[in-house]
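Peer 1: Here you go, one structure.
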Amino acid sequence: MSVIIRPNKAEDNAILSKIIRNAFHDFEVKSTAGTVYTDPTTDDLFTLFQTEKSALYVAEENGLILGCCGIFPTDNLPADTTELAKFYLTKAARGKGIGKLLLEKCIETADNFGYKKLYLESIPEFSKAVSIYEKQGFEYLDAPLGNSGHSGCDLWMIKTLD
């Protein structure tokens, strides 16, 4: 596997927004209201991730973008916590360890930025991703943290970084 993990570029915006929205179709998500699907920032991730202490990484193989994952200092999170955000893969890239590479890069970056915890929001339809989070040491929360604006998400998890 010759996958590289690199920072996103402005020219990645269109393909990344397509990958993200396609995941909702692939997993037959019934409602996209209050999710990244309808979030206008999904169409310009490059600009969004220019925010201080944020990063978005892209997995690429032979010039083909396979997915993305990032960290973002979501409003009203505790100062020592960042959000794992925009973690999506193409259908062809799933189940090959590419998501793990992206997730590990984000954990490393969060640690390098001085964060102590990594928070995420998801939905039950993304159960394959949720199982990855569980294996990586994320624990369930009873309520959301911060203010992502994604009211359609009803699974919340957190991981304390080593």
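A short reminder: the numbers here are calculations on the coordinates, not readings from a lab. Computed from a prediction, not measured in an experiment: that's the story for all the values here. Reconstructed Cβ throughout: ideal geometry from the backbone, glycine too, with neighbour counts over all protein chains shown.
Peer 1: Only Cα pairs under 8 Å and at least 6 apart count here; give the relative contact order of the chain as a rounded whole percent.
Peer 2: About 24 percent, as a whole number.
Peer 1: Students often forget the sequence filter, so: which aspartates and glutamates lie under 18 Å Cα-Cα from LYS91 once same-chain residues fewer than 8 apart are removed?
Peer 2: ASP12, ASP26, GLU28, GLU60, GLU61, GLU125
Peer 1: What Kirkwood radius, in Å to one decimal, follows from the Cα pairs of the stretch 28-104?
Peer 2: 13.8
Peer 1: Same structure again: Just flag the GluC sites (Glu not before Pro) in the stretch 42-79 sitting in loop per DSSP whose Cβ has no more than 10 other Cβ atoms within 10 Å.
Peer 2: Here the GluC sites (Glu not before Pro) that fit, given the DSSP loop and packing criteria, are GLU52.
Peer 1: Along Cα→Cβ, 7 Å out, is where each label goes; now give me the distance between the ones at THR51 and ALA92 in nm to one decimal.
Peer 2: Reported label-point gap for THR51 and ALA92 is 3.2 nm.
Peer 1: Applying 1/(1 + (r/R0)^6) with R0 = 35 Å to the Cβ-Cβ distance of ASP111 and ASP26, what FRET efficiency is obtained, to the nearest 0.05?
Peer 2: Using R0 = 35 Å, I get an efficiency of 0.70.
Peer 1: Across the Cα atoms of the chain, what radius of gyration and what greatest pairwise Cα-Cα distance (Dmax) are found, in Å?
Peer 2: Rg then Dmax for the chain, in Å: 14.4, 42.
Peer 1: Right, here's the next one. May I ask for the net charge around SER122, where only other residues with Cβ less than 14 Å from the Cβ of SER122 are counted and Lys, Arg are +1 while Asp, Glu are -1?
Peer 2: The answer is -3.
Peer 1: Okay, next question. What's the center-to-center distance, using Cα atoms, between the stretch 1-59 and the stretch 77-115 in Å?
Peer 2: Centre-to-centre distance over Cα atoms comes out at 12 Å.
Peer 1: Sticking with this one: Rg/Rh for the stretch 7-66 to two decimals, with Rh computed the Kirkwood way over all alpha-carbon pairs.
Peer 2: With Rh from the inverse mean 1/r over Cα pairs, Rg/Rh is 0.99.
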